[in-house]
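All remarks here apply to the structure that follows.
The values are calculated or read from the model by the stated rules, or taken from the named source; none is laboratory data. All values derive from a computational prediction rather than experimental measurement. No Cβ is skipped: glycine too gets one built from the backbone with ideal geometry, and neighbour counts run over all protein chains shown. Ligands, DNA and RNA are stripped out before the accessible areas are found, and what is left, the full protein with its side chains, is counted by its heavy atoms. Shrake-Rupley method; radii C 1.70, N 1.55, O 1.52, S 1.80 Å.
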Amino acid sequence: ALPDEIPMHVVDDSGQAVATQTKVLGRWLDGSVKWNLLSFLADVRGGEAATYTVEFGRGVKRQPVKATLEAVRDDQGVRLSTGSLRVRVDTHGQLVTPSGEPCPTVLVDAKGKRYTTGQSRATLTIEESGPIRAVVKAVTDLTAEDGAKSFRVETRVMAYKGAAMVRVLHTFIVTRPE
């Protein structure tokens, strides 16, 4: 178990500190850290290998990271800027490309009925907004044009400092008995 004040970071195979973002995911009953997520940007060429090591303890000094990653809420949703890419998660929970095109999540049932994220409002949460990684969670119902609902979907959009891409994860939740 780690107390909160124990710093952690990652070093590369030459011993140089790598910019690291940490997030406590779980705690023991005494409040000490049980699970800690470390995010860092690995710099490895295709076909090559690299070794990264986690260091922790009172002698570890975390390197400051220049903040070029932004997750900003506004009346149109959440804007994500990595320094290389600008996208948005709109009020329906859809990723909107730099050209302004929404990317809806679509479900078609066995009878051909189409359900999308574009029909209902999402609950948006900025789960992480650090210097290395930002995560936006959108929770919404997949809804047909007639208002019928299918699954609920939790979408997480993850943006990384300097990256010209985002990662999108979907969790589908059954909210009806049939």
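Points worth noting:
- Some residue of the range 155-164 being of a type in the set (A, V, I, L, M) and exposed (fewer than 15 other Cβ atoms within 10 Å of the Cβ): yes
- Subset of the range 2-26 that is among the small types (Gly, Ala, Ser) and within 18 Å of the chain's Cα centre (by Cα) - its residue that is modelled with the highest pLDDT: Gly26
- Residue within the range 64-71 that is modelled with pLDDT of 95 or more, in contact with a Lys or Arg (Cβ under 8 Å, 6 or more places away or on another chain), of a type outside the set (A, V, I, L, M) and not in a loop (DSSP other than H, G, I, E, B) present: no
- Looking across Thr20, Thr53, one residue alone is among the polar types (S, T, N, Q) and within 30 Å of His170 (Cα to Cα). It is Thr20.
- Candidates are the residues of the range 111-141 that are among the hydrophobic types (A, V, I, L, M, F, W, C) and not in a strand (DSSP E or B); the one that is modelled with the highest pLDDT is Ala122.
- Residues of the range 129-154 that are of a type in the set (Ser, Thr, Tyr), open to solvent by less than 40 Å² (accessible area, probe 1.4 Å) and either farther than 16 Å from Thr91 by Cβ or touching a residue at least 60 places away in the same chain (Cβ under 8 Å) (or both): Ser150 alone.
- All positions within the range 31-55 that are in a strand (DSSP E or B) and open to solvent by 30 Å² or more (accessible area, probe 1.4 Å): Lys34, Trp35, Asn36, Leu37, Leu38, Phe40, Thr53, Val54, Glu55
- Reported count of residues in the range 1-30, each being free of Cβ contacts under 8 Å to residues at least 24 places away in the same chain and either in a strand (DSSP E or B) or surrounded by 10 or more Cβ atoms within 10 Å (Cβ to Cβ) (or both), is 5.
- Looking only at the range 62-94, and only at residues there that are over 17 Å from Thr20 (Cα atoms), of a type in the set (Ser, Thr, Tyr) and in contact with a Gly (Cβ under 7 Å, 6 or more places away or on another chain), the one that is most open to solvent (accessible area, probe 1.4 Å): Ser84
- The set of residues from the range 27-52 being β-branched (Val, Ile, Thr), touching a strand residue (DSSP E or B) at 6+ places or on another chain (Cβ under 7 Å) and modelled with pLDDT of 90 or more is empty.
- Some residue of the range 62-70 being of a type in the set (S, T, N, Q) and closer than 22 Å to Phe151 by Cα: no
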